[in-house]
1. Determine, yes or no, whether A:Ser40 is in contact with a strand residue (DSSP E or B) (Cβ under 8 Å, 6 or more places away or on another chain) and surrounded by fewer than 16 Cβ atoms within 10 Å (Cβ to Cβ).
2. Restricting the first residue to segment B:473-484 and requiring it to be farther than 14 Å from B:Ala551 by Cβ, which pairs with a second residue that is buried (at least 24 other Cβ atoms within 10 Å of the Cβ) and polar (S, T, N, Q) meet a Cβ separation below 7 Å and a spacing of at least six or different chains?
3. What are the pairs, 6+ residues apart or on separate chains, where a residue within segment B:555-582 that is over 30 Å from B:Asp525 (Cβ atoms) has its Cβ under 6 Å from a residue that is charged (D, E, K, R)?
4. What single numbered condition from (1) farther than 13 Å from A:Met318 by Cβ; (2) within 27 Å of the chain's Cα centre (by Cα) fails to hold for A:Pro222?
5. Quick check on segment B:71-103: of everything there that is more than 14 Å from chain A (Cβ to nearest Cβ) and buried (at least 22 other Cβ atoms within 10 Å of the Cβ), which residue is modelled with the lowest pLDDT?
6. Mind listing just one residue for me: the one in segment B:200-259 that is of a type in the set (Asp, Glu) and under 22 Å from B:Glu577 (Cβ atoms) and, of those, surrounded by the fewest Cβ atoms within 10 Å (Cβ to Cβ)?
7. Just a yes or no: is a residue in segment A:421-442 buried (at least 17 other Cβ atoms within 10 Å of the Cβ) and among the aromatic types (Phe, Trp, Tyr)?
8. Quick test for you: out of B:Ala385, B:Ala422, B:Ala325, B:Ala406, pick the one residue that is more than 14 Å from every other protein chain (Cβ to nearest Cβ) and either of a type in the set (Val, Ile, Thr) or under 22 Å from B:Ala455 (Cβ atoms) (or both).
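The values are calculated or read from the model by the stated rules, or taken from the named source; none is laboratory data. As the structure is a prediction and not an experimental result, all values here were calculated from the model. Note that each Cβ is placed from the backbone with ideal geometry, even for glycine, and that neighbours are counted across all protein chains shown.
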Number of protein chains: 2
Amino acid sequence: MLKNKRNRFAQLAFAFGCAISSQVLMAKAVINVNEFGVQSNNGSDSTYGVFEAIKAAKAQGATKLIFDKGRYDFYGDRATEKLVYISNNDPGIKRIVFPLEGIKDLEIDGQGAEFIFHGGINPFVIDQSQQLTFRNFSIDFERSFHSEATVLAVGKGYVDLHIPAQFPYKITDAGLLKFQAKADDQPNKITIEKLERRKASVNEVNYQYKRVLEFDVNKREPAYQKKDISTGNGLPAKKLAGERNVRVFHPKINATVGNVLVFQFKHRSFPGFVISDSADVTLDNVTIHHAGGMGVLAQRSHNVTVQNSKVTPSAGRMVSATADATHFVNCTGKVQLINNLFENQKDDATNIHGIYVAVDKILDDKTIEVRLQHPQQYGFDFIDAGDTLELVHAPSMSTYNTAKVASSQRISNEITRVVFEAPFDTRLQAGDSIAEVRDYAQVLIKGNIIRRNRARGMLLNSRGKTIVEDNYFHAPGSAILFEGDANFWYEQGGISHAIIRNNVFENNFYTEWGRGVIAVAAGIDEKYQESSRYNHNILIENNLFKVFDHAPVLNLFSVSGLTFKNNTIEKTNAYPERAKFNSLFVVNHSNNVSIEANNKVIGFNQSQKQLLTPTNKL
Amino acid sequence: MLKNKRNRFAQLAFAFGCAISSQVLMAKAVINVNEFGVQSNNGSDSTYGVFEAIKAAKAQGATKLIFDKGRYDFYGDRATEKLVYISNNDPGIKRIVFPLEGIKDLEIDGQGAEFIFHGGINPFVIDQSQQLTFRNFSIDFERSFHSEATVLAVGKGYVDLHIPAQFPYKITDAGLLKFQAKADDQPNKITIEKLERRKASVNEVNYQYKRVLEFDVNKREPAYQKKDISTGNGLPAKKLAGERNVRVFHPKINATVGNVLVFQFKHRSFPGFVISDSADVTLDNVTIHHAGGMGVLAQRSHNVTVQNSKVTPSAGRMVSATADATHFVNCTGKVQLINNLFENQKDDATNIHGIYVAVDKILDDKTIEVRLQHPQQYGFDFIDAGDTLELVHAPSMSTYNTAKVASSQRISNEITRVVFEAPFDTRLQAGDSIAEVRDYAQVLIKGNIIRRNRARGMLLNSRGKTIVEDNYFHAPGSAILFEGDANFWYEQGGISHAIIRNNVFENNFYTEWGRGVIAVAAGIDEKYQESSRYNHNILIENNLFKVFDHAPVLNLFSVSGLTFKNNTIEKTNAYPERAKFNSLFVVNHSNNVSIEANNKVIGFNQSQKQLLTPTNKL
């Protein structure tokens, strides 16, 4: 089942064996957390009780952990602490409320419970576990890691804001706007308040921002054609008349009165669910109102399903998760997103990809050192004895050979030393890229609603068969992007077989994250664009595309084999047209691309034939 | 020898035993790091070679590791990584160049080597080791964690600065001054440069500031009567004509043209030497030019000596370490500082103290949970089975009983659960404080020069016999402070026997860190000040005090037993007199204090008798 991670999982199986054999006598199938002093609806801290309940479930081999319906509060000071490396999020010592490590066959059923987290803590971290199901609960944070403000007025180089009480802030002595955990109610009292302030100042990092983005208050989505404005954590500001009214200054700032300015959380420290080195994990009817990072991040895991679930903000907030709703890295088996709602998160609804590392040094004919390139990938250990690695010429992204790993040694969270079983291909040189050859995940994305978030809908970069059907997309950038590169993000892609059918794409790409509603891209150096083909075999059929101007419905680059048939493209007036776009189909450096005549085009002035003819420029 | 940390050290002894017995055949007494590919004077990274040399020294039981004289460079990407909790500094995953764990009897002799560290890395971390000596080398960082600038002009609410090239900076889009690792030379190139920029932006945290302090450029010390100005990391700024000239804005900012403004490093992530749970550690002829935190931090260690060493900035910088030169927490045996120079660090020359934790919850008559109160103490595990703890009434700081620990369990880095052997004193309640009763360190501070730093000279708070002799002090705050509190810093003090003799105190306390040249304080609640006596038995004799005004030479609070005799107090004109001070001796809430008639007072207008008569107000 987990062929290429045998070391990691052999240990795991051993741990299960021990736990089960020594505890058989105490076995109890269902544990209610209230047996461990966990109380709902009274504000008490449920963290330690839940920890003890999980420990008991593991010891007893329980198959179900249940909560009675109600509100449960979780604080950090008695949470389990663990060093966690989380790809595409921030690594570090995490305070974890549900630490699930080495657990097999457990369902956590909230029965409608609401989990409210306080401060910088991590709700769920799953590691080296199997057969876990999470259902029937919601998660939220009392104070979100991002902040929001309503635009009261706009002038040259400034906007006036009203900041709701749920987003405490201060203006520092140096005149900068900073957000914080709590209001500075009693700045002159000492002892307890002084201690609290000191802690709050330590915790300030949890409420730092790095940029702002304007959201349309009526449409509840990123405002038309608006971009992130980079701010750093501290806009020059001054207090205005009126409670919690503030003027902030920035040469590029600009907004529409009444809209909401969202202050993007600077870090990705507190994803909702982290799933590492695990198998058969399902989220079913789980609502993620907020996370300080991604909603669900799964890495090196096998068979992960998110179904009947929601990423959606709680009342009074514009934004849900502060990064992607879901994200999958080097996963295997099946990745399934079925019947979910993903809305208002600050990044893509999903991104499914592998990781490239760069060859840093060649030590001898069997030994190299490789380097993780993106700081948010640091600590991502994926090279084990027995693995097969592909050797990739980075500028062309072409795989020229593979090699089998005899042993690996982590030098640091950035560098790994790899010894191969046999001398490697002599073409291998420093600067090349390496990725794991694995049971690439088969992807099923079906029946989801994706809308109102920042950036793209979905980044689909698994080499396993990928099916996207019966979804609704309304993303401000590309609805679907196939990509991959080995020079900046170092995300391994290279679709081998994708089917996109029976979806509704409604007025996507109304801001400029991406190059078209469906875009296929790859970070291939100019020199190799004529020859290199990175993505393959894509079928797009029976979809409805509603578009409001002539921006690309399809924008291709470096594709071999794509058929676009039986789709309907319908013109709307949802947003103003942009003069710069004049071609629904853009095809560059690709082969066997067929835009068929049976596609329907409705509501445009030009002819169907004109509209269906691709150009090779944006 | 290490009576009360037996668990920790039993493990250690076992580890030594194994290492020695299995490796006898390979034994080699002296290892030169050049045997492991370490090269000097060519800029190459010596980190991994030094790691391998240390590993070999440990395996072979070598007693000496030597460097040839020369410059050695160390980078972080191949450094050993380890989670380290460092009291009074910042915990976290550290990249460690000299990771010394479980080592016995080793001398590291630099033979005049210069170690230059690059980026956010930790030079020396010593853990669970014994008999280590470090000698004959200097440490410095290529780019300091703090930054400095020369004042060009001053106006209302702004100063104009020239920032030397060794302190790279940028002004952000939002108009804020930020410091960084490297200059943004090629902002428009991609790939490598873009990757570098991304890494640099991740590393920005290593160059953040939180306040500024003005240094007198001629005296090379904090400017007369100047205080820290709190800034946050980002003063509003604009570029001026002239290379690297910048105007920064702050309502309280003010300085003298020509002086140096020092931007205080926001964090304490990179102390020079961390010594944890170790014994018999000596630094001899070691120069610390810079550290991003304290120079030397020893915790839970036995017998630590720093001698013939220096903390002093390298050429072109005003500041050396960004926090205390040395600092000792819960140490035992002997703490010795002999014949050192401690200058220009951004905090005290030393602070020797214990740690109080607060009682957070009482679970039953033998079981409590205690809470570390200061975020920089989090993770400081000091309660082990077999320890005796004192039970302290926090507002009066009086110890009313002790109790012996049967077992302890760390719940988080903040909370520890403690089970006592027997039911504890029923007076114990939440909010009380707890500290370890131990072989309190005997302290010898002899022949040192302490000058030009920020804040105080020395904070002496060990209950072992403390001797301070033959030193020269010129600190902007108190030269010597005895204190301790259980309501903010939670530092355990309570001197039992101190002798301060034959020192020269030259024009200390010229800014207002502290309340006198020698001050004895304690954080005792007003209600208990009449009765509680926290510090005891202090003799101050044969010292020369040069003072420039009538600020207190001695300011006492809550002392039982102090004799001030045979000292000379001589008036100077080193700084302007401050009208607010009018009493050389201030004594409050103390018993058995004797300011003897044999003290000499020179150069004042008032009579000796007048000057030697204490008042009870500042």
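1. In short, no.
2. Short answer, once both residue conditions are applied: B:Phe473/B:Asn503; B:Phe473/B:Asn508; B:His474/B:Asn508; B:Phe482/B:Asn461; B:Phe482/B:Asn535; B:Glu483/B:Asn461; B:Gly484/B:Asn461; B:Gly484/B:Gln492.
3. Every condition considered, the pairs that remain are B:Lys565/B:Glu541; B:Lys565/B:Glu596; B:Asn566/B:Glu541; B:Thr568/B:Lys600; B:Glu570/B:Lys546; B:Thr572/B:Lys546; B:Glu577/B:Asp549.
4. Answer for A:Pro222: the failing condition is (1).
5. Step by step, filter segment B:71-103, then rank; the result is B:Ser87.
6. Residue satisfying both the conditions and the ranking: B:Asp216.
7. Yes - at least one qualifying residue is present in segment A:421-442.
8. B:Ala325
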